[in-house]
1. Applying the selection to region 164-175, what residues are over 16 Å from residue 110 (Cα atoms) and either over 18 Å from the mean Cα position of the chain (by Cα) or crowded, with 16+ Cβ neighbours inside 10 Å (or both)?
2. Within region 214-235, take every residue that is charged (D, E, K, R) and in contact with a helix residue (DSSP H, G or I) (Cβ under 8 Å, 6 or more places away or on another chain) and give me the one that is surrounded by the fewest Cβ atoms within 10 Å (Cβ to Cβ).
3. Filter region 237-260 down to residues that are without any contact (Cβ under 8 Å) to a residue 40 or more places away in the chain and touching a helix residue (DSSP H, G or I) at 6+ places or on another chain (Cβ under 9 Å), then give me how many there are.
4. Can you pull out every residue in region 210-257 that is under 24 Å from residue 38 (Cβ atoms) and polar (S, T, N, Q)?
5. May I ask you to verify whether residue 211 is aliphatic (A, V, I, L, M) and open to solvent by 10 Å² or more (accessible area, probe 1.4 Å)?
6. Pick from 123, 96: which is assigned to a helix (DSSP H, G or I) and either touching an Asp or Glu at 6+ places or on another chain (Cβ under 6 Å) or surrounded by fewer than 14 Cβ atoms within 10 Å (Cβ to Cβ) (or both)?
7. Tell me, please, whether a residue that is charged (D, E, K, R), open to solvent by less than 80 Å² (accessible area, probe 1.4 Å), modelled with pLDDT of 95 or more and over 29 Å from residue 85 (Cβ atoms) can be found in region 236-258.
8. Examine region 45-62 for a residue that is open to solvent by 50 Å² or more (accessible area, probe 1.4 Å), at pLDDT below 90 and under 19 Å from the mean Cα position of the chain (by Cα), and state whether such a residue exists.
Amino acid sequence: MFARRLSDSLRRSFRQPVLIDNRPGANGFIGAEAAARAKPDGYTVFLAPVNVLCVNPALFSNLPYDPVNDFAPVTLLVREYPILLVSPQLPVSNFADFIQYTRVRPGKITYGSPAIGSPQHIAGELLEQLTGVDMVHIPYKNAPEIFTDLIGGQIDAAIAFPSVAVPQVTARKVRALAVVGTERKPSIPEVPTAEELGLPEFDMPAWAGFLVPAGTPSKVVERLNKELIAAMRQQEFLDWVDGNGSEALPSTPAEFDSYIRSELSKWTKLIKELKIEIQ
């Protein structure tokens, strides 16, 4: 949806059609492999999230793409911090209550995420490690299914991103206990951050950025960087991003490359420590 918001601006800048080719499925393998094998001529730009570039390499031994060597970074796009949510039927009103309630019920409290190995699942595992609670992970196929069961009380908790979580929180259909990061959300300013709650390590931002196939000429990368950042700085886009609880993060190609490498190291270390495996 971020790409769709930028496409009109890019179409005007380049004076030619900008087509969005969604290729979901297989943990992002399909889209990533297609982008990696595309001609390095600047006509294929890949919008990749953190799980494709930094989580998958730690979970799968045989990726059909190399997140570092198969792509040339162009710019970061956005970053957002997930939110810890609980069902309104759970008798807790804040984060401390939730931890205490869960701690005395080992193996009884459930939480949902889109899939095993998703950033939301990994955040749940990290929460268990940091607080000593023992929860049961329930993998789903998509966010709507999670919220249906969370609202109905079929699961007790979930960790979700603001674009889907905030509307449910403001409608009082679910309860938000903590922002999994260091900054409060303007749309739900009463919800404290994990850092404020004494868990600075519970900091799990998700992000996405633009890349092109490796071998794309540097002048083409520079032009794409310039045009993408110009589009990202338009007030309409900034307002839309802010309304979704995210923040725009334009960067140079070198800055994005360094960020990918740092995040790849962080996620690999974390997944190894948490012993998360894909069966």
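1. Once the filter is applied, which keeps residues that are over 16 Å from residue 110 (Cα atoms) and either over 18 Å from the mean Cα position of the chain (by Cα) or crowded, with 16+ Cβ neighbours inside 10 Å (or both), region 164-175 yields 164, 165, 166, 168, 169, 170, 171, 172, 173.
2. 222
3. Matching residues across region 237-260 total 1.
4. 216, 218, 225, 251, 252
5. Judged against the criteria, residue 211 is not a match.
6. 96
7. yes
8. For region 45-62, residues open to solvent by 50 Å² or more (accessible area, probe 1.4 Å), at pLDDT below 90 and under 19 Å from the mean Cα position of the chain (by Cα): absent.
The values are calculated or read from the model by the stated rules, or taken from the named source; none is laboratory data. Keep in mind it's a predicted model, so treat the numbers as computed, not measured. Every residue, glycine as well, gets a Cβ built from its backbone with ideal geometry; the counts of neighbours run over all protein chains shown. Remember, those area values only see protein heavy atoms, side chains included, never the ligands or the DNA or RNA. Shrake-Rupley method; radii C 1.70, N 1.55, O 1.52, S 1.80 Å.
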